[in-house]
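These notes concern the structure reproduced below.
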Amino acid sequence: MNLQFEQIIPSIPFLLDGILVTLKFTVLSAIAGFIWGTVLSLFKISGFKPLAWFGIAYTSVFRGTPLLVQLFLVYFATPQLTGYSIPALEAAVLTFGLNSAAYISEVIRGGILAVDKGQREAAMSLGVPYRRMMIDIIFPQALKHILPALVNESIGLLKDSTLVATIGVMDILRGAQVIQNETYLAFEPLIVAAAIYYVLVMILTSIARQLERRVRRSD
C-alpha cells in the first residue's frame, strides 16, 4: 500500500471549511424540519379534515420519493419555474427541511397521541383553550418523550448531508473531492472525511444518550 497522507496536509483547510458548512446545514435543516414538522403533526390530528388530508398526503409524497430527486427538483427546477437562481446551500436546507418535516411530523404526532387522554379531558373540563392546552400541557409532555428521536433524526440529516455535494455545496465530502482532484489521491482524503463524519455522529449519539438518561430520570 502506497499511502501518502502527507500529500493532503496542505489541503486540509478544505475539510475544515467543510465541517462548518456541514454543521450549518444540519442545524438549519433540523430547525426548519422541526418547525414545519410540528405544524404538520397538528394538521394530522386536527378535526378539520382538509388539513388532516394535506398532512397525510404531504408525508406520503416526501417519504415515498427519493431525497436526491427532491434535491435536484428544488435546485434545478426552481430557476426554470420561478426565475430565481437559488443558491446551492439554500436549496439543500430547503429540501432537507421539507423532507425531514415529513418524518418529524410522525414522531411528534405519535408523541402527542401517547400523552394520557386524561390530561386533555382535565384541561377541557377546566375550560383551558385548545391552543393553551397544546402549548402548556400536551406538547411539553410529548416533547420530553420524543427528544431522543429528534436527535436521531438530526444524526440522519448529518449523514445524508453528503448528498449536497452533488449540487456543489462545499461540505466535508465535497472538500474531500476537491483534494482528490488536486492530489490525484482517493483513499486518503475520503478516509479522513469518513473519520470526520464518524466523530460528528458519535458526538450527536452521545448527546442523544444523555438526553435519554435525563428523560428517564425526570419520569
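Here is how the numbers come out for the structure above:
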item: Unmet criterion (only one of (1) within 16 Å of LEU42 (Cα to Cα); (2) under 22 Å from the mean Cα position of the chain (by Cα); (3) touching a residue at least 60 places away in the same chain (Cβ under 8 Å)) for THR59; result: (3)
item: Check on GLU153, of a type outside the set (Val, Ile, Thr) and farther than 25 Å from TYR103 by Cβ; result: no
item: Scan of segment 46-56 for residues that are exposed (fewer than 15 other Cβ atoms within 10 Å of the Cβ) and in contact (Cβ under 8 Å) with a residue 12 or more places away in the chain, ordered by number; result: ILE56
item: Residue identified as among the β-branched types (Val, Ile, Thr), assigned to a helix (DSSP H, G or I) and at pLDDT below 80 among VAL215, VAL151, VAL178, VAL199; result: VAL215
item: Sole residue being surrounded by 18 or more Cβ atoms within 10 Å (Cβ to Cβ) and in contact with a Phe, Trp or Tyr (Cβ under 9 Å, 6 or more places away or on another chain), chosen from LEU200, LEU158; result: LEU158
item: Among the residues listed as GLY118, GLY111, the single one being free of Cβ contacts under 8 Å to residues at least 40 places away in the same chain and closer than 15 Å to PHE34 by Cβ; result: GLY111
item: Helices (runs of 4 or more DSSP H) enclosed by segment 1-82 - at least 3 residues per element that are within 27 Å of ALA193 (Cβ to Cβ); result: 12-44, 67-72
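The values are calculated or read from the model by the stated rules, or taken from the named source; none is laboratory data. As the structure is a computational prediction, the values presented were derived from the model and not from experiment. Positions of Cβ are backbone-derived with ideal geometry, glycine not excepted, and every protein chain shown enters the neighbour counts.
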